[in-house]
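Below: one structure, written as structure tokens.
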Amino acid sequence: MHQARAESTLGNVLPSADIAPQRLHEAMRYAVLGGGKRVRPLLAFAAGEAARADVERVAIAAAAVELIHVYSLVHDDLPCMDNDVLRRGKPTCHVEYDEATALLVGDSLQSLAFQLLAEYRLSDDPARQLEMLKLLATASGSRGMSGGQAVDLESTGKALTLPELEFMHIHKTGALIRAAVLLGAHCGNSLDTKQMGRLDHFAKYIGLAFQVVDDVLDAEASTATLGKTAGKDADKNKPTYVSLLGVVAARELAKQLKSNALEALNGFDENSKRLRQLADFIILRQF
Ligand code: GRG
């Protein structure tokens, strides 16, 4: 239900491919629509439910986070970064179009994300809405996702310690996952500061768990199952939880992180059940 809502919202907020510049808009739609697990939107909806938020508002916040996520994937796949040809089971954006278009797709998706947060009313409190904009900007910038990507690029071929690896992933993957959860919750106003803090803890643990599982899947799953090139971490000599801990200990760590995440939700009512379900999905996923 929420997945369908996420898809339709993304379809509606993206400019139509009939509008000029047609090729850019077509490429934006190609990159965003029809693929992806939509984990970040689903987390936003689940947190919105915990905060009794209006689902139409959450849909916009969820779309904004997904647009940032897709921008990061499109740029990450470029030859100057990860240089990949397969994403979500189809050719990457620069392969299907060209590098310059892919660069502009990422730029435009990023701008659109902030446009949504500024254009739609997401909170009755304008100060809170401004806080939401700041939250997404911080999560995606150099103190968040882009910063994590910079550390990632610098660390290829190097031996990182576990805390260094954790620092990288808290930024590269964790920051946006945290933003998804918090933005969803900010669309409602039934959680007090203490509960928002607990939700933040949940998001931090689940973000890290997501990355640990991602490392395990990169090592163990096939390209066909993942819809993206498998085994790249080892090929590129990238430090990962698997290279540092081995698969068995990495899986154990993911379970531990999930149980820490669930513990953070102690005291939340029945409306937090989707957050708990997503924690399970993140650990058990096969792709
Ligand atoms: C280029 C600024 C910039 C940042 C790139 C997100 C990212 C940072 C790079 C993508 C490469 C990667 C493996 C990142 C780790 C995060 C991750 C597991 C992304 C894939 O997310 P999923 O599994 O993908 O949610 P789908 O396709 O399901 O949305």
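Would you check which residues across region 156-165 are more than 14 Å from the ligand (Cβ to nearest atom) and surrounded by 14 or more Cβ atoms within 10 Å (Cβ to Cβ) and list them? Those that are more than 14 Å from the ligand (Cβ to nearest atom) and surrounded by 14 or more Cβ atoms within 10 Å (Cβ to Cβ): Leu160, Glu164. Every condition in (1) of a type in the set (Gly, Ala, Ser); (2) more than 20 Å from Arg52 (Cα to Cα); (3) modelled with pLDDT under 95 holds for Ala150 except the one numbered (3). Annotation for region 9-22: no member residue is on the phi > 0 side of the Ramachandran plot, crowded, with 16+ Cβ neighbours inside 10 Å and in contact (Cβ under 8 Å) with a residue 12 or more places away in the chain. Scanning region 1-18 for residues that are assigned to a loop (DSSP other than H, G, I, E, B) and either closer than 18 Å to Leu73 by Cα or under 20 Å from the mean Cα position of the chain (by Cα) (or both) yields a total of 2.
For region 231-241, taking the residues that are without any contact (Cβ under 8 Å) to a residue 60 or more places away in the chain and within 13 Å of the ligand (Cβ to nearest atom), the one that is farthest from Gly157 (Cα to Cα) is identified as Gly231. With the requirement that a residue be near the ligand (Cβ under 8 Å from one of its atoms) and buried (at least 21 other Cβ atoms within 10 Å of the Cβ), what does region 83-121 give you? Scanning region 83-121 gives Arg87, Gly106. In the condition set (1) touching a Ser or Thr at 6+ places or on another chain (Cβ under 9 Å); (2) within 14 Å of the ligand (Cβ to nearest atom), Arg38 is compliant with all but (1). Can you find a residue in region 175-194 that is within 16 Å of the ligand (Cβ to nearest atom), of a type outside the set (Asp, Glu), within 29 Å of Gly35 (Cα to Cα) and surrounded by fewer than 16 Cβ atoms within 10 Å (Cβ to Cβ)? No, every residue in region 175-194 fails to be within 16 Å of the ligand (Cβ to nearest atom), of a type outside the set (Asp, Glu), within 29 Å of Gly35 (Cα to Cα) and surrounded by fewer than 16 Cβ atoms within 10 Å (Cβ to Cβ). Only residues that are away from the ligand (no atom under 16 Å from the Cβ) and in contact with a Phe, Trp or Tyr (Cβ under 7 Å, 6 or more places away or on another chain) were counted in region 58-77, giving 2.
Only residues that are part of a helix (DSSP H, G or I) and hydroxyl-bearing (Ser, Thr, Tyr) were counted across region 214-225, and they come to 2. With respect to Lys236, is the statement that it is charged (D, E, K, R), modelled with pLDDT under 95 and under 19 Å from the mean Cα position of the chain (by Cα) true? Against the criterion (charged (D, E, K, R), modelled with pLDDT under 95 and under 19 Å from the mean Cα position of the chain (by Cα)), Lys236 does not qualify. Among the listed residues Lys228, Lys255, which satisfies the condition of being within 13 Å of the ligand (Cβ to nearest atom) and either in a helix (DSSP H, G or I) or closer than 27 Å to Ala179 by Cα (or both)? Among Lys228, Lys255, only Lys228 is within 13 Å of the ligand (Cβ to nearest atom) and either in a helix (DSSP H, G or I) or closer than 27 Å to Ala179 by Cα (or both).
The requirement of being free of Cβ contacts under 8 Å to residues at least 24 places away in the same chain and farther than 21 Å from Cys187 by Cβ is not satisfied by Ser108.
The values are calculated or read from the model by the stated rules, or taken from the named source; none is laboratory data. These numbers were taken from a predicted model, which means no experiment stands behind them. Ideal geometry is used to build each Cβ from the backbone, glycine not excepted, and the neighbour counts take in all protein chains shown.
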